[in-house]
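Bear in mind these aren't lab numbers, they're just calculated from the coordinates by the rules spelled out. Quick caveat, the model's predicted, so the values are computed rather than measured. Note that we place each Cβ from the backbone using ideal geometry, even for glycine, and neighbour counts take in every protein chain shown.
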Amino acid sequence: MDDLKTQKSIRDYLPTRRRLIQLYAALLHNANLKGYLSGQIFTGNTKYLCAPGLNCYSCPGAVGACPLGALQNALASSGNRAPSYVLGILLLLGLILGRTICGYLCPFGLVQELLHKIPTPKIRKNRVTRALSYLKYVILAVFVVAIPLWYISRHIPMPGFCKYICPAGTFGGAIGLLANPVNGDKLSMLDILFTRKFIILALVFTASVFLYRPFCRFLCPLGAVYGFFAKVNIVGVKVEEDKCTRCGLCVGQCRMDIRRVGDHECIHCAECVDVCPTGAIALRAGKRPLREKKKDKTSGAGRYVAWAAALAVLAGVLVYFNGPWSGQAEPESAAPAVTVDESIPVGPEVGQRGPDFTAPLYGGGDFSLADTLGKVTVINFWATWCTPCVNELPHFQKLYETYGDDVAVIALHSDLVTDDVDAYLAGFDYTIPFALDDSGIVAAYGGSTMLPQTIVLDRSGVVTYNKVGSVTYEVLESLVTPLL
């Protein structure tokens, strides 16, 4: 008898199957473990794929794109093209899994659940929490849809939710990168916007201790999107109506703000399965039951095979993303390749000579840094999806128009997302040369995926300024005129 009690107590401390799946999914979302050591964002081809859960693109470990961030960027570019790819991915994920993704696959949901494990008095759901659950639909409409579309006419990418609210981006992206000493020099870039987002993150984490998954329930627009598929998603908790007695135990036991099992607030965690007195509730994939009351639909041997296969997949993914063959290969682009002279030391500081490079220009022709000797040269690393970048492009154009005879300017676009550069530039009358950095020129100048970055070289090609962050025209002019 004592042995049975001991076994039960040990079992109580072991993670549940859903918790193991959550940990597994979080590791798959962030399989680029070496990114945490290098302090760099993974830029391989898998970044073009949307992961199902809320996981920041800028997290050092992230190997895929966040579907919410991708949706905002796609809407911000929808003046040039329809965001069919991202909408198609969300449609597919919604139809198959819906908010089951929230319950099993979302890394930020796991973080909230772990914080809720801290022993404190808990706030149960009530009328206030149920009313607050609709706030995420307002955030979806305003910050994810309206704000990006509003800024289209100004040719400014504005992912409103990512920029102003997203605590997952603050935690995984900003803090994940800045916690590495390699990025210590980027701390000077932080401003009031980061402070506000950090406060939001702190409030969400604090609330998670007392409330069950507050971000998922009240703020998450990705959960709102998946909630639209509540009646049609294939995998999820289903109720056999002929067995249901309407006793209400399932709704009362659930910690989410549901009105009935499987509605738009349900994350399909299946905790209601065991409390149903008639066995009317089951987690199903179509008609196939995955979890029923006090039943395990997977045999002992089958369970071991399934877990062995899952672990083999996980091991393969980790080896792939953390080995020398990690998929960090540069993505193909319609623009010609850029070449860097590797004989010159990389990462030049002020007072060192800048590495030479030759870059084919958008629209034809080449830009060679060697040809600019005798002129002051300004190099700008930018991207269409970087709001500070596009806001400062007019400053470089004005500098070029004012000092063009004595100043050479080149704007090198990041290689992370490149398929809308031509369409973007077509909406302006810029005369400064633009090229694509798809061969690591930014790395040769000591930069990374943090944009924008500006470098100023004197007439002999020596670096006089090399910093990440926005610049004004007045700053540019103050950097250039002493060198003329």
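Side notes on the structure shown:
- Rounded tilt (10° steps) of 67-76 against the dominant C-alpha axis of the chain: 40
- Normalised by the number of residues in the chain, the average gap of Cα pairs under 8 Å and 6 or more apart makes the relative contact order 15 percent.
- Considering only the range 339-483, percent of DSSP beta bridges that pair antiparallel, nearest 5: 65
- When the listed pairs LYS125/LYS238; LYS136/LYS197; LYS231/LYS293; LYS117/LYS238; LYS243/LYS293 are checked against a 24 Å cut-off, the alpha-carbon distance exceeds it for LYS117/LYS238.
- With a simple spin-label model that places each label point 7 Å from the Cα along the Cα-to-Cβ direction, the separation between ASP263 and TRP150 comes to 3.1 nm.
- Note on LEU290/LEU318: beta-carbon distance plugged into 1/(1 + (r/R0)^6) with R0 of 35 Å gives a FRET efficiency of 0.85.
- Angle between the chain longest axis and helix 17-29 axis [Cα atoms, degrees, rounded to 10]: 10
- Whole-angstrom gap from the range 80-110 to the range 431-484, using each part's C-alpha centre: 38
- Expressed as a whole percent, the proportion of Cα-Cα pairs in the range 339-483 lying more than 22 Å apart is 31%.
- For the range 69-177, the relative contact order is 42 percent, taking Cα pairs closer than 8 Å that sit 6 or more residues apart in sequence and dividing their mean separation by the residue count.
- Leading residue at positive end of dipole, the chain (Cβ point charges), from PHE171, THR245, LEU75: THR245
- Student exercise, the chain dipole from Lys, Arg, Asp, Glu Cβ charges, in Debye to nearest 20: 4020
- Where both bridge residues fall in the chain, DSSP classifies roughly 70% of the beta bridges as antiparallel.
- The alpha carbon gyration tensor of the range 14-159 gives principal lengths a ≥ b ≥ c with a/c of 1.5 or higher and a/b no greater than b/c, which makes the shape oblate.
- For the range 129-188: span of alpha carbons on each principal axis (Å, largest first): 41, 37, 13
- Listed residue (LEU187, GLY262, ILE89) projecting farthest to the positive dipole end of the chain, Cβ model: GLY262
- Sites excluded, chymotrypsin sites (Phe, Trp or Tyr not before Pro) in DSSP loops with at most 16 other C-beta within 10 Å, longest stretch of the chain: 135-324
- Potential lengthening between LEU20 and TYR473 on full extension [0.36 nm per residue; Cα-Cα distance subtracted]: 157.8 nm
- Per-residue Cβ neighbour rank within 10 angstrom, fewest leading, HIS395, HIS268, HIS155: HIS155, HIS395, HIS268
- Only Lys, Arg (+1) and Asp, Glu (-1) charged, at Cβ; the range 339-483 dipole about Cα centre in debye: 380
- Ranked LYS47, LYS238, criterion: other C-beta atoms within 10 Å, fewest first: LYS238, LYS47
- Computed over the range 339-483: relative contact order in percent, which uses C-alpha pairs under 8 Å that are six or more apart: 34
- Each eigenvalue of the Cα gyration tensor of the range 428-484, multiplied by 5 and square-rooted, gives one semi-axis; in descending order these are 19, 16, 13 Å.
- Separation of the LEU33 and VAL462 label points, Cα + 7 Å toward Cβ, nm: 4.6
- Kirkwood-Stokes translational diffusion coefficient of the chain, alpha-carbon pairs, 20 °C, 1.002 mPa s, µm²/s: 86
- Residue exposure sequence - CYS272, CYS56 - by fewest surrounding Cβ within 10 Å: CYS272, CYS56
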